[in-house]
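Single-structure report; data block below.
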Amino acid sequence: MHVKNTARKTVTVAFSGGKDSTAAILLLREQGYLVRALTMRLGLAGEDEKLIRVEKLARAIAIPWQACDLRAAFREKVLDYFLHAYRSGLTPNPCVVCNRQIKFALLLAEAKRKSAAGFFATGHYADKFCANGRWFLHEPLDRHKSQIYFLAMIEPSVLSDVLFPIATMTIGQVREKVAGLPLANLEESQDVCFLQGEPLAVFLGRHLPDSFKAGDILDKAGRPIGRHQGAIHFTAGQRRGTHHASDRRLYVVLRDLGANTIMLGDEGDLLAETVTVQTPVFWRKLRVGEQLSVKIRYQLQGHAAEIAEISESRIHAVFKKPVRAVTPGQFGVFYDGDVIVAGGEIAKP
């Protein structure tokens, strides 16, 4: 949904220098907005060189541009969260947290400070609508590129001032829109920007070296059947990389970082009949017995589930069919058709 013919014609775009945010800027300018751009400075390796390329692109498309220094907040709210989650035996999703704590909070606030009456726009493949005074996230036209899962935990009220210009475009149309421009980022967006192509185990080894100690591999009865080089390496559902030989396929079904052990079991041991999310964000009221679809991570299809319990601090739902690898630390997002109605961090059983 786009806001047209508004008296508020100024918009600040979260500008990475990639194709999506660049296309958003071009579209908004064609729609008559006065467009400016803000790029987050996050303290990542090679960032100074990247910002030079972003500034060059901003000049090429003739828009006012500034970098916004969010290094301290990003380190505290995203990097520290990520490392603390792994240290606690969880599997975090930093992109969801970054959108809530950084992009749609601090960066949006900076945009408002520069233009109090203006809009804030991003290059997300997402759409929105308002019903009965409440804003909702809706799937975009290009569902294969949809990013609304990553936005499920933002404060719903901020959508009143947010625009998603490429909501009705396909990825092919976006590429065509920016063809020939000196983009600062030519690659597809990375799910975890701060890894910058580095293997996760290498990143964690640098930041959590004490977590990489040899420990026992256990069977379902708790008996040692092998050794590993750190339980932090593994995640639920993993089959490869355990280096344990067996006459059947075995999967990581449990890891205990305190004891530094992992447990192997059959694929059936990965199935869960329920999911509980904590510290939820409610986009509308839910009711016990309501039938919804739940995504337990990005790019997976939703799973049919019935709401069993609701409180301010948690949502408990029962799957229609058992679901594989429901992973604590990831986010469970509840959909009513193409619309997000709630989300929260998946809790430990």
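List of remarks:
- Helix-derived mean residue ellipticity, 222 nm - over the chain, DSSP H n ≥ 4, -39500 (n - 2.57), to 500: -5000 deg cm²/dmol
- Taking the centroid of alpha carbons for each part, the range 143-216 and the range 284-321 are 25 Å apart.
- 3J(HN,Hα) along the range 238-254, derived from phi through the Karplus expression 6.51 cos²θ - 1.76 cosθ + 1.60 where θ = phi - 60°, amounts to 5, 10, 7, x, 7, 6, 10, 7, 8, 7, 8, 6, 10, 10, 6, 10, 7 Hz, with x in place of Gly and Pro.
- For residue 290, distant residues with modelled amide H under 5 Å away: 307
- Linear extension gain, residue 297 paired with residue 112, 0.36 nm per residue minus alpha-carbon span: 63.4 nm
- Pairs from the table (50/112; 19/285; 9/56) lying more than 27 angstrom apart at Cα are 19/285.
- Stokes-Einstein D in µm²/s, Kirkwood radius over Cα pairs - the range 170-294 at 37 °C with 0.692 mPa s viscosity: 175 µm²/s
- Between 172, 18, 43, the Gaussian network model of the chain with springs among Cα atoms under 10 angstrom shows the greatest mean-square fluctuation at 172.
- Tail weight of P(r) past 19 Å, computed on alpha-carbon pairs of the range 229-336, percent: 50 percent
- Rg followed by Dmax, in Å, when the chain is reduced to its Cα trace: 21.8, 69
- For the pair residue 225 and residue 314, the difference between a 0.36 nm per residue extended length and the Cα-Cα distance amounts to 28.3 nm.
- Viscosity 0.692 mPa s, temperature 37 °C, Stokes-Einstein D of the range 27-83 from Kirkwood C-alpha radius, µm²/s: 254 µm²/s
- Exposure here means at most 10 other Cβ atoms within 10 Å; with GluC sites (Glu not before Pro) in a DSSP loop as sites, the longest stretch of the chain lacking them is 1-186.
- Added length on full extension, which subtracts the Cα-Cα distance from 0.36 nm per residue, residue 348 to residue 143: 70.8 nm
- For the pair residue 72 and residue 321, a Förster radius of 41 Å applied to the C-beta separation gives a FRET efficiency near 0.35, rounded to the nearest 0.05.
Bear in mind that the values in this text are calculations on the coordinates, not laboratory data. What you see is a predicted model, and the numbers here were worked out from it, not measured in a lab. Methodologically, a virtual Cβ is constructed for each residue, glycine included, from the backbone with ideal geometry; neighbour enumeration extends over all protein chains shown.
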